[in-house]
1. Note down the magnitude of the dipole of the range 132-205 about its Cα centre, charges +1 on Lys and Arg C-beta and -1 on Asp and Glu C-beta and zero elsewhere, to the nearest 20 debye.
2. Farthest toward the dipole's positive end in the range 303-346, which of L306, N328, A344, given Cβ charges of +1 (Lys, Arg) and -1 (Asp, Glu) about the Cα centre?
3. Determine one quarter of the surface area of the Cα convex hull of the range 75-379, which equals its mean projected area, and express it in nm² to one decimal.
4. As a quick test, which of the pairs K96/K325; K325/K373; K254/K325; K75/K96; K184/K247 have an alpha carbon distance above 24 angstrom in this structure?
5. Expressed as a whole number of Å, what is the distance separating the alpha-carbon centroids of the range 68-129 and the range 348-365?
6. Using amide H atoms built 1.01 Å from N in the peptide plane, name the residues 5+ places from Q114, or on other chains, whose amide H lies under 5 Å from its own.
7. Let me check against my output: what whole-number percent is the relative contact order of the range 75-379, with C-alpha pairs under 8 Å and at least 6 apart?
8. Given +1 on the Cβ of Lys and Arg, -1 on the Cβ of Asp and Glu, and no further charges, what dipole in debye does the range 242-311 carry about its Cα centre, rounded to the nearest 20?
Amino acid sequence: MSEKRPRWEKEIWTVQQPNAVACQTCMFRAAVINGLQHDNADCGSCEIYEYPESKPNDVYFDGAECEFYEKANDKPLALILGVAVGDALGVPVEFKKRGTFHVTGMQGYGTHHQPPGTWSDDTSLTLALADGLLPEEINLEGVARRFTEWYDSAAYTAHGKVFDIGNATAEAIKRLKAGVAPEKAGGSGERSNGNGSLMRIAPLAFYMHGIRKPEDRFRIVRDVSSLTHAHEWSVAACYIYVEMLNKLRMGRKKKAAYAELREDFARGVPFISKATLGKFVRILENDISTLPEEEIRSSGFVIDTLEAAFWCFMTTDNYRDAVLKAVNLGDDTDTTAAVTGALAGLTYGLDGIPQEWLNQLASREEVRRIAIKMPRWDMFRKASL
């Protein structure tokens, strides 16, 4: 094994060390405290190379991997990159009508005049949410603070610029800045049912470990959605989506996950009204994959986006086809592809996302910096380590 030489995370995407190997998933990252496993991604130390030979958690070795590390499919990173790549594919053609264009790969400019690989508020707020969550609690105040940092200072953006802000999200952030409690900031009227909370909610799937009661998971989703969108339709859409992601995170095949999701709702979910559940019949009672494309709507309405994402995901068998199908539906292309991208990224993994698209993605190091902080419960070994 070659000499150990620390390389900070930001260098992974540079050309300075083209042969460096990233230890993406450390099987010793988990620490066991009082019988519970905690992610040590921020601790700056290694449980194998202990003091005085401590080292940053992300270390690269020229030409060889650390003998104590193992490569694995980094699910949080696959999910976040799945969102970002789908978002970036859709940005140049947002608002264009179906059939007037055809996207086959990463391109630039167009609607928002952004260079290729630029992602929008969908990814920005996904990153802000992921960065503000802690494994042991949902810190709404911390998430709200990061949303305002994005709005005011262009934090979590691809090029230091905020663009394409949804009206409901902008109004909610103004209320947060005025001192409104985070869980009360989102609009609760029927007209406040854009897809602004659905597009950013995906990271919650990695914070559901050990939360067995559906009503408890629903409460978490409701509180996080309500930062910007508090109406019951938006909350229900987010809950359905996170439940599907959670099943995929646990290793379910997508058809089995979808069947299980429908079975769960068929047994009854008393914390969601029957009237609201009636809005989701095409997903929860029928098999949405059987519908023809002309019956799939791709507007910014939250139910349309959820249906379109499920349809694109369930009618394809790889990441590329899923997100391109979402983009080519037209209208709210970036959000439909971002929501689809999380499902497909989690299912097909990092290797399923085309490398040429990853190479073009803006600010990949920022995306990875945040994704690597997320809990990896499914990758942790037992306390016997």
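1. Numbers: 9 positive and 9 negative charges, 48 e Å.
Here the range 132-205 has a charge dipole of around 220 debye.
2. Final value for the positive-end residue is A344.
3. Details: hull surface 54.5 nm².
The orientation-averaged projected area of the Cα hull of the range 75-379 comes to 13.6 nm².
4. Values: K96/K325 14 Å; K325/K373 31 Å; K254/K325 17 Å; K75/K96 32 Å; K184/K247 29 Å.
Violating the 24 Å limit, Cα to Cα: K325/K373; K75/K96; K184/K247.
5. The two parts, judged by their Cα centres, are 9 Å apart.
6. Y109
7. Numbers: 574 pairs, mean separation 95.0, N = 305.
Contact order relative to length: 31 percent.
8. Details: 12 positive and 11 negative charges, 74 e Å.
That gives the range 242-311 a dipole magnitude of about 360 debye.
Here, each number is a calculation from the coordinates, and none is a lab measurement. Being a predicted model, the structure only gives us computed values, none of them experimental. Note: ideal-geometry Cβ built from the backbone for every residue, glycine included; neighbour counts use all protein chains shown.
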